[in-house]
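In what follows, a single structure is set out as structure tokens and then discussed.
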Amino acid sequence: MKQRTLAGRQVSAIGLGAMPMSMNNDKKYPSFEDAVATVHAALDAGVTLIDTADIYAPDGEEMGHNERIVAEALRTWDGDASSIFVATKGGIVLEQDGSKGRNGSPEYLRAAAEKSLAILGVDQIDLYQYHRPDRTRVYADIMKGLGALREEGLVRAVGISNASVEEIQIAIDVLGEGNLASVQNEFSPKHPGSIDELRFCATHGIAFLPWSPLGGTGGGATRVGDRYSAFREVGEAHGVSPQQAVLAWELALDPHVIPIPGARRAASITDSAQAANLELSEDEVLRLSESVGIFDD
Ligand SMILES: NC(=O)c1ccc[n+]([C@@H]2O[C@H](COP(=O)([O-])OP(=O)(O)OC[C@H]3O[C@@H](n4cnc5c(N)ncnc54)[C@H](OP(=O)(O)O)[C@@H]3O)[C@@H](O)[C@H]2O)c1
């Protein structure tokens with residue numbers, strides 16, 4: 001599979017978003033064994049990047065559910081698990097009543113990272129992403145706490161998620177140019193609005209990981225070809241699914257883009273992984289971009 005650079009390492013151009021196996025809009029979850037099998041299918045297909053988070057858990061269940069699936073899948077995979085890059089996140093808290101809050105304090109982030117280390121069963125987290133801005137705090141202060149985790153070696157690289165261009169700039173200023181490994185924002189035909197952050201990352205050499213790259217669970221991803229006919233038509237022209245056309249388009253936007261499509265079923269990630277090798281023509285990329293309102297600068 002084609003490779004891209006993330007935190008100085010080579011990873012598959014298509015990653016696996018593990019979230020739907022523990023949290024999704026349909027509220028339908030695979031068994032633990034089936035979830036592990038889906039991760040194995042991804043790894044067997046050449047996927048070497050897995051995205052998870054401490055908060056990914058079915059309602060009412062304890063945090064770390066999804067990280068446990070990932071850890072078990074890596075432990076039981078018959079390939080070389082040390083070659084797999086695991087990105088996790090912290091900063092969202094599960095309140096007693098089941099609602100979600102945010103905490104960007106250095107103490108909280110340290111404790112959350114330590115829990116993720118224990119659940120993942122590693123000495124160092126490959127990439128620790130600050131999940132969502134805690135608006136009660138100054139972003140620069142949160143970034144200092146995040147940077148400390150890297151300086152002390154708990155995490156090898158740091159990234160941010162759901163960040164504006166201004167917040168990305170603050171992260172660069174605080175962490176130092178070259179020390180912000182990635183930005184993970186929602187980006188898809190349904191949500192092309194983060195093109196500004198994508199382009200900003202590209203100019204700064206920062207990996208951009210589109211989340212819900214197909215339009216999300218609950219029908220968005222499954223029906224992407226019905227809702228966005230240009231993607232269906234380009235997929236048909238290449239004899240592939242509209243989902244592959246979407247992912248190949250995202251990859252074609254910039255070499256720093258690494259989509260992380262979610263999957264519960266092995267068949268979904270096996271199909272999505274093939275998008276890494278789907279070459280679209282310049283005309284196709286332009287047509288797809290324009291169909292969702294993205295035009296050249
Ligand atoms: N940072 C954040 O705030 C944030 C927020 C949301 C998500 N994320 C990350 O982004 C990842 C992806 O987002 P997402 O899962 O919400 O949305 P998504 O990737 O747009 O859609 C996931 C759904 O697409 C289906 N699918 C995947 N590949 C397919 C294919 N080739 N053909 C047909 N259907 C396919 C899957 O179906 P099946 O389930 O049936 O396999 C899955 O339910 C998550 O796993 C998570 O890691 C991050």
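The values are calculated or read from the model by the stated rules, or taken from the named source; none is laboratory data. If you're wondering where the values come from, they're calculated on a predicted model, not measured in any experiment. Note: ideal-geometry Cβ built from the backbone for every residue, glycine included; neighbour counts use all protein chains shown. Accessible surface is based on the protein model in full, side chains and every heavy atom, while ligands, DNA and RNA are left aside. Shrake-Rupley method; radii C 1.70, N 1.55, O 1.52, S 1.80 Å.
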**OP:** Please work out which one of (1) buried (at least 23 other Cβ atoms within 10 Å of the Cβ); (2) under 19 Å from GLN244 (Cα atoms); (3) out of contact with any Pro (no Cβ under 9 Å at 6 or more places or on another chain) is the condition ALA87 fails and give its number.
**Re:** (2)
Original post:
Which pairs have Cβ atoms under 9 Å, sit 6 or more apart or on different chains, and link a residue in segment 97-111 that is at pLDDT 95 or above to one that is open to solvent by less than 100 Å² (accessible area, probe 1.4 Å) and polar (S, T, N, Q)?
Top reply: LEU109/ASN103
Original post:
When residues of segment 70-105 are filtered for being over 19 Å from SER12 (Cβ atoms) and assigned to a helix (DSSP H, G or I), how many remain?
Top reply: 4
**OP:** Inspect segment 287-294 for any residue being within 12 Å of the ligand (Cβ to nearest atom), within 24 Å of HIS204 (Cβ to Cβ) and either charged (D, E, K, R) or buried (at least 19 other Cβ atoms within 10 Å of the Cβ) (or both) and give the result as yes or no.
**Re:** no
**OP:** Identify the residue in segment 28-46 that is more than 12 Å from the ligand (Cβ to nearest atom) and in a loop (DSSP other than H, G, I, E, B) and, among all such residues, is farthest from the chain's Cα centre (by Cα).
**Re:** SER31
**OP:** State all residues of segment 6-43 that are more than 30 Å from GLY205 (Cβ to Cβ), surrounded by fewer than 24 Cβ atoms within 10 Å (Cβ to Cβ) and touching a Phe, Trp or Tyr at 6+ places or on another chain (Cβ under 7 Å); if no residue qualifies, say none.
**Re:** MET23, HIS40
Original post:
Restricting to segment 114-126, what's the tally of residues that are outside any strand (DSSP E or B) and either open to solvent by 60 Å² or more (accessible area, probe 1.4 Å) or over 15 Å from HIS65 (Cα atoms) (or both)?
Top reply: 8
Original post:
For segment 206-226, does any single residue satisfy the condition of being open to solvent by 20 Å² or more (accessible area, probe 1.4 Å), of a type outside the set (D, E, K, R) and part of a helix (DSSP H, G or I)?
Top reply: no
**OP:** Give the residues of segment 233-282 that are more than 12 Å from the ligand (Cβ to nearest atom), open to solvent by 60 Å² or more (accessible area, probe 1.4 Å) and part of a helix (DSSP H, G or I), sorted by residue number.
**Re:** GLU233, GLU236, ALA237, HIS238, ASN277, GLU282
